[in-house]
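Working notes for the structure below.
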Amino acid sequence: PPSSPPALPTVPLQLANVAGSGVPRDYEAIGEHVLSYAALNSEEGSGLELIIETHRVVFVPLTVFACTAFLAAEYYENGRLVEAEHAPTEECYYRLVVQGHLLCAAALSANPLFGPSNDVLVRMGAKQNEHILEDGEAWRLVTPLFLHAGLVHWALNMSALLQLGLRLEEAHGALRVAGVYLVSGVFGVIMSAILAPHSMSVGASGAILGLLGASLGEVIQNWGVYARPCTLLCQLGVAAVLQLLMGTTPLVDNFAHFFGFWMGLVAGMAALVSPAVARPSWPMAAKCQRQLLQVVSGSLTYLLFIAGLLALYGGWDAYRICHWCSKISCLPFPWGCSPSVSNSCWWDCSLCTRARLAAQVAWVGSERNGTVELRCPTLSGGSLGGFE
């Protein structure tokens, strides 16, 4: 195997279970999956064993392929019932004919992310409580992870998935990363359905934020494995804060982001325990603390997921328990501005200004003797996020 970086002290090491070239190609990119200076400075002849194992990357490329295929299917479904000779409409404005099949995207006024209409997203499996709870379509808790609102949405999410997922999968394997990804993503959809029941949303961002949380949890669990754990933890923490703050803008389902992140953090501490450890040099207390944290995190992951399902299907009023939760998804900006003062905020988080109104018309005898009732979706502080 390649020799250790010059900055590391030289001690006798036995490398075992080496896959491929043995040591990760890029220490910075892979997360310095090597022992810390303290571990390497242990006494010579102590039988120190460094186990470095890299895994074949499978899950992340397959997920990117699946999301890409779903995006192409969205464009196909959006133009399936439209004649190519007809004039462009708002739902099918940008058109491309491929082997006799019309692919089209909605006008930017209808979907600024260069994607299909909302009706197509709902037909293909977007999160919508009416279908999940009343029609029994529980599969809609999973399909939003593979659907995207448009090309821009897809590109941003896939770039983030590749950046986070490849490193984790190479270090911990496809099964563990897939488990964290799916549990975080589905939990984010569940919490979005509980806290934003009137919204339609799609996107893999909740699962991707789960991988970001899992990266934090991995550093905490494998603290002695990294050469500069504090630096890495601060970098990941700043990235997480920025992502969650960006999610407080309108038309973003930050409920999925927020709860997916925290589920990923807990699940990562349970599942992403690195095998590259100097076992003989670790004190017994450190080993027990690590294992205890893994057991507690695994149990908490299970309990949170079950509690989310019970809250969704049991019709719990989450805002009675968490009255401030509406602020997770949307905050008026600049922070501290008053929406009641004209032009003081860049955007307004009230439901009526960001959602479609339900209208009902009734009359007796003549339409002139009628009443139009406009109904605004209301939750005690609830939010109408759009795209994850």
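The values are calculated or read from the model by the stated rules, or taken from the named source; none is laboratory data. Just so it is clear, the model here is predicted, and its values are computed rather than measured. Here the Cβ is made from the backbone with ideal geometry for all residues, glycine too, and neighbour counts use every protein chain on show. Only protein heavy atoms, including side chains, enter the accessible area calculation; ligands, DNA and RNA are left aside. Shrake-Rupley method; radii C 1.70, N 1.55, O 1.52, S 1.80 Å.
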Practice prompt. Determine the shape class of segment 111-189: with a ≥ b ≥ c the square roots of the Cα gyration tensor eigenvalues, call it rounded for a/c under 1.5, and otherwise prolate if a/b is greater than b/c, oblate otherwise.
Written response: oblate
Discussion item. Taking amide H atoms as placed 1.01 Å from N in the peptide plane, list the residues 5 or more away in sequence, or in a different chain, whose amide H sits under 5 Å from that of L103.
Written reply: L96, V97, V98
Worksheet item: What is segment 109-236's relative contact order, in percent, from Cα pairs under 8 angstrom and six or more apart in sequence?
Response: 30 percent
Discussion item. Under the rule a/c < 1.5 gives rounded, and otherwise a/b versus b/c splits prolate from oblate, where does segment 153-289 land using the Cα gyration tensor?
Written reply: prolate
Worksheet item: Order of 317-325, 153-161, 113-121, 197-205 by packing, highest average Cβ count within 10 Å first?
Response: 197-205, 113-121, 153-161, 317-325
Practice prompt. Rounded to whole Hz and in sequence order, give me ³J(HN,Hα) for segment 126-141 from the Karplus expression 6.51 cos²θ - 1.76 cosθ + 1.60, θ = phi - 60°, writing x for Gly and Pro.
Written response: 4, 5, 8, 4, 4, 6, 5, 8, 8, 9, x, 8, 5, 5, 6, 6
Fill in: FRET efficiency, 1/(1 + (r/R0)^6) with R0 51 Å, evaluated for V58 and E83 via beta carbons
0.75
Item to complete: Would you mind telling me the share, in percent, of accessible area of segment 221-263 contributed by carbon and sulfur at probe 1.4 angstrom?
Response: 80 percent
Practice prompt. When a/c is below 1.5 the answer is rounded, else prolate if a/b is larger than b/c, else oblate, so apply that to segment 73-165 with a ≥ b ≥ c taken from the square roots of the Cα gyration tensor eigenvalues.
Written response: oblate
